[in-house]
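S.K.: Provided herewith is a single structure, encoded as structure tokens, for subsequent inquiry.
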Amino acid sequence: KEKKDLQGKNVLVTAGATHEMIDPVRFIGNYSSGKMGYSLAEELARRGANVTLVSGPTQLEVKHQNISRVDVRSAEEMYVASEACFAKMDAAIMCAAVADYTPVSKADEKLKRNNEAFSIELKATTDIAAALGKVKTNSQVLVGFALETQNENDNAKKKLVKKNLDFIVLNSLKDKGAGFNSDTNKITIIDKDNKTREFALKSKVHVAIDIIDELTRYLANR
Ligand code: C5P
């Protein structure tokens, strides 16, 4: 029998990459597939939650009827959509690979090439997780992700504090088959009290179950 232990809970998930437009046909992006975020959304919905999936551009499709998907393209659009619905959420999982920088201006027409060097001026995007962390109430649970190449645990812990997260999911890049565009992932969950739990390499569907199990424990204690 299916467990519906998240019945009635409202959960926001951000997923995928963002595309920062340079001109009408070019953008700055990244290799995030959205698979982890979509797996989280499906697992949440399966357990009875009402899921709002704020999704960057992806090939993936939503299956469960309890997931309402909001399609966005840029970091700015993702921020606006996430901020707009956060107040009514019991939890938010920030799984998207949001661009850190975006062009200061977008060209209205396709840029023409010449043989000169060319540079694009960039400005920092809004840190969506940190923005939600600032307005989070005591009853809301905020979860983030970290992808680190060095001092993994220390850097993840710093992010947890800086963004005011309840727990952070560290993706290991050292393990073959983990991270971007892969169907599998290997995670460590670090919480506010510095408690760390390492999990084995698993499919993203099974990793989603581990993360949602942890989230469910947090929600039960609120
Ligand atoms: O600081 P860093 O980008 O490594 O943090 C990753 C975490 O912060 C992820 O949970 C990601 O979804 C979130 N994030 C965000 N908005 C940004 C950058 C990161 O929500 N502009």
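The values are calculated or read from the model by the stated rules, or taken from the named source; none is laboratory data. Given the structure is predicted, the values throughout are model-derived calculations rather than measurements. Here the Cβ positions follow ideal geometry from the backbone for every residue, glycine too, while neighbour counts run over all protein chains shown.
S.K.: Within segment 67-78, is even one residue within 21 Å of L215 (Cβ to Cβ), of a type in the set (S, T, Y) and at pLDDT 95 or above?
M.R.: Here is the first cut: in segment 67-78, the residues within 21 Å of L215 (Cβ to Cβ) are 67-70, 78.
If we keep only those that are of a type in the set (S, T, Y) too, we end up with 68.
Filter again for at pLDDT 95 or above, leaving 68.
Yes, segment 67-78 contains at least one residue that is within 21 Å of L215 (Cβ to Cβ), of a type in the set (S, T, Y) and at pLDDT 95 or above.
S.K.: Let me ask something else about it. In the set E148, E152, E198, which member is of a type in the set (D, E) and more than 13 Å from the ligand (Cβ to nearest atom)?
M.R.: Just one listed residue meets the conditions, E198.
S.K.: Kindly indicate the residue of segment 102-119 that is more than 11 Å from M21 (Cα to Cα) and hydrophobic (A, V, I, L, M, F, W, C) and also surrounded by the most Cβ atoms within 10 Å (Cβ to Cβ) among those meeting that condition.
M.R.: In this case the residue turns out to be L111.
S.K.: Oh, and also: Anything in segment 86-110 that is more than 13 Å from the ligand (Cβ to nearest atom) and either more than 15 Å from A129 (Cβ to Cβ) or without any contact (Cβ under 8 Å) to a residue 12 or more places away in the chain (or both)? List them, or say none.
M.R.: Correct list: A87, K88, D90, P103, V104, S105, K106, A107, D108, E109, K110.
S.K.: Among the numbered criteria (1) more than 13 Å from the ligand (Cβ to nearest atom); (2) at pLDDT 95 or above; (3) in contact with a strand residue (DSSP E or B) (Cβ under 9 Å, 6 or more places away or on another chain), which one does G177 miss?
M.R.: Against the list (1) more than 13 Å from the ligand (Cβ to nearest atom); (2) at pLDDT 95 or above; (3) in contact with a strand residue (DSSP E or B) (Cβ under 9 Å, 6 or more places away or on another chain), G177 comes up short only on (2).
S.K.: Only one residue in G16, G29 is surrounded by fewer than 24 Cβ atoms within 10 Å (Cβ to Cβ) and closer than 15 Å to E77 by Cα, so which one is that?
M.R.: Numbers: G16 fails: surrounded by fewer than 24 Cβ atoms within 10 Å (Cβ to Cβ).
On inspection, the qualifying residue turns out to be G29.
S.K.: Of the residues that make up segment 111-123, is at least one within 16 Å of the ligand (Cβ to nearest atom), in contact with a strand residue (DSSP E or B) (Cβ under 9 Å, 6 or more places away or on another chain) and closer than 21 Å to N30 by Cβ? It would help to see each step written out before you state the result.
M.R.: Filtering segment 111-123 for residues within 16 Å of the ligand (Cβ to nearest atom) gives 122-123.
Now narrow it down to the ones that are in contact with a strand residue (DSSP E or B) (Cβ under 9 Å, 6 or more places away or on another chain): 122-123.
Of the ones still in play, those that are also closer than 21 Å to N30 by Cβ are 122-123.
Among the residues of segment 111-123, at least one is within 16 Å of the ligand (Cβ to nearest atom), in contact with a strand residue (DSSP E or B) (Cβ under 9 Å, 6 or more places away or on another chain) and closer than 21 Å to N30 by Cβ, which makes the answer yes.
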